[in-house]
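Below: one structure, written as structure tokens.
None of the figures in this text is laboratory data; all of them are computed from the coordinates on show. This structure is a prediction, so every number in the text was calculated from the model and none was measured. All Cβ positions, glycine included, derive from the backbone under ideal geometry; neighbour counts span all protein chains shown.
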Amino acid sequence: MATKHKLLDTPAEKVPHELAQQVIDFVKPIEAVTAAYVGLTQITEDFKEPYEQLAAAFELASEDDAALRAFADRFYETMPADVQAGGCNVLDSGGAAAWRAQAQRVFSR
């Protein structure tokens, strides 16, 4: 099954306060997180009609394999299903630039 995710421009009113707060509460104790975002994504699976879903994305100070694995494990162990549905999106420099421009930053250090 082929799935395509496209980040859409996300106005602040599209991000429920409760979702932003869930993301903030998750990242606060994790020193490696330098920024967190919530953005609206358009998802297209195979040839089905696209649908929109909110997703969280994170910038990390360390991107070594052990740190990424530990972060992803914690994300999937603790975040609610509606947040998990958008995936654990850890951003590289190119991805971070897109999320900074189109999503809502909900946390930064």
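Within 10 Å of each residue's Cβ, count the other Cβ atoms and sort S93, S62 from fewest upward.
Ordered from fewest to most neighbouring Cβ atoms within 10 Å, S93, S62 come out as S93, S62.
What ranking do D73, D46 get, fewest neighbouring Cβ atoms within 10 angstrom at the top?
Exposure proxy ranking, most exposed first: D46, D73.
Rounding to the nearest 20 debye, state how big the charge dipole of the range 4-109 is about its Cα centre with +1 on each Lys and Arg Cβ and -1 on each Asp and Glu Cβ.
260 debye
What value, in deg cm²/dmol to 500, does the helix sum -39500 (n - 2.57) over DSSP H runs of n ≥ 4 give at 222 nm once divided by the residues of the chain?
-10500 deg cm²/dmol
Please compute P(r) over all alpha-carbon pairs of the chain, binned at 10 Å starting from zero, and give each bin as a whole-number percent.
14, 48, 32, 5, 0
Which percent, to the nearest 5, of DSSP beta bridges fully inside the chain are antiparallel?
85 percent
Under 25 Å Cα to Cα from K4, which lysines show up? Leave out anything in the same chain fewer than 8 places away.
K14, K48
Could you compute the FRET efficiency for T34 and E77, with r as their C-beta to C-beta distance and R0 at 22 Å, rounded to 0.05?
Efficiency computed from Cβ-Cβ geometry: 0.55.
Quickly work out the K48-to-E63 label distance, labels modelled 7 Å from Cα along the C-beta direction, and quote it in nm with one decimal.
Spacing of the two 7 Å Cα→Cβ label points: 3.0 nm.
What is the distance in Å between the Cα centroid of the range 79-109 and that of the range 1-71?
The distance from the Cα centre of the range 79-109 to that of the range 1-71 comes to 3 Å.
Can you put T10, T3 in order of Cβ neighbours within 10 angstrom, beginning with the fewest?
So the ranking, lowest neighbour count to highest, is T3, T10.
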